[in-house]
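Student: Following this message is one structure expressed as structure tokens.
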Amino acid sequence: MSRRTVNRAILAVVGLLLLTGGALVLLGGLDVYRHLGITPPHWWPLTLPDQPVVSATSRTRWTDRDWWWPVAIAVPALVVLGGLWWLFSQLRRGGPAGLDLPSPAAPGQPHFALHVRSRAVEDAIETELIAHPAVDRVTVRVTGAARRPEVHTALRLVPGADTAALIDTYRTGPVERARRSLGLATLPAELRLRVARPRKARTKKTPRVR
């Protein structure tokens, strides 16, 4: 599951919970049920304007149990830690900062290491793809380990583009050149295609004659 999918799922759940809670508070605070003649069930929360969000009975129901306070402390702590983990995970690239290039030392010469930034590899692939006439927009991400990188590419194509030819160009062109440049036996690549909406042609307005 990709990070984008996880982010969308988390934001959807949090947004749904906030929307539901806000609607309940709004309906109860404005006394909507009474104005509409609706009688909610006895267990329904926030039915009156002066009703607290959490009743005294609910707050003290399990306070005499031994497990209550550890759970009451642990659950909010886990929620806070989960939120911080999700926040910091957005700041990480999700891939290697750089890749090691093969650099065999010549006889009698000291060995040296070559290192290329992942952003440079991404820029090289993006520059080659954006020059293609069928590509309207491109985004490339290098993920995985430094010695086992993967390339993830998202392309937005112009209407009427030849997708079969573009896929073949992508596989045998920038990805293959990146694989050879990095000295890798294989370079897994994922390609996502999306076609841009056709732009409406602007019609010239007829000038007004006074």
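The values are calculated or read from the model by the stated rules, or taken from the named source; none is laboratory data. These numbers come from a predicted model, not from an experiment. Backbone-built Cβ (ideal geometry, glycine too); neighbour counts: all protein chains shown. Only protein heavy atoms, including side chains, enter the accessible area calculation; ligands, DNA and RNA are left aside. Shrake-Rupley method; radii C 1.70, N 1.55, O 1.52, S 1.80 Å.
Student: Mind checking which residues of the stretch 127-144 are within 20 Å of the chain's Cα centre (by Cα), free of Cβ contacts under 8 Å to residues at least 40 places away in the same chain and open to solvent by 20 Å² or more (accessible area, probe 1.4 Å)? Can you show your working first?
Tutor: Let us first name the residues in the stretch 127-144 that are within 20 Å of the chain's Cα centre (by Cα), namely 137-144.
Keeping just the survivors that are free of Cβ contacts under 8 Å to residues at least 40 places away in the same chain gives 138-140.
Residues satisfying the conditions are VAL138, THR139.
One line per residue, one yes/no per condition, for (1) more than 30 Å from THR139 (Cβ to Cβ); (2) in a helix (DSSP H, G or I):
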residue: ALA9; (1), (2): no, yes
residue: VAL14; (1), (2): no, yes
residue: HIS42; (1), (2): yes, no
residue: SER58; (1), (2): yes, yes
residue: ASP64; (1), (2): yes, no
residue: LEU81; (1), (2): yes, yes
residue: LEU87; (1), (2): no, yes
residue: GLN90; (1), (2): no, yes
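Student: Now, a different point. Inspect the stretch 152-174 for any residue being closer than 22 Å to LEU99 by Cβ, open to solvent by less than 30 Å² (accessible area, probe 1.4 Å) and under 22 Å from the mean Cα position of the chain (by Cα) and give the result as yes or no.
Tutor: First, the residues of the stretch 152-174 that are closer than 22 Å to LEU99 by Cβ: 152-154, 170-174.
Narrowing further to those that are open to solvent by less than 30 Å² (accessible area, probe 1.4 Å): 153, 170, 173-174.
Within this subset, residues satisfying the condition of being under 22 Å from the mean Cα position of the chain (by Cα) are 153.
Yes.
Student: Could you check THR5 against (1) of a type in the set (Ser, Thr, Tyr); (2) open to solvent by 100 Å² or more (accessible area, probe 1.4 Å); (3) closer than 30 Å to PHE88 by Cα and say which number it fails?
Tutor: Going through (1) of a type in the set (Ser, Thr, Tyr); (2) open to solvent by 100 Å² or more (accessible area, probe 1.4 Å); (3) closer than 30 Å to PHE88 by Cα one by one, THR5 breaks only (2).
Student: Could you please give the count of residues in the stretch 130-171 that are within 17 Å of SER181 (Cα to Cα) and in a helix (DSSP H, G or I)?
Tutor: Going through the stretch 130-171 one residue at a time, the tally reaches 2.
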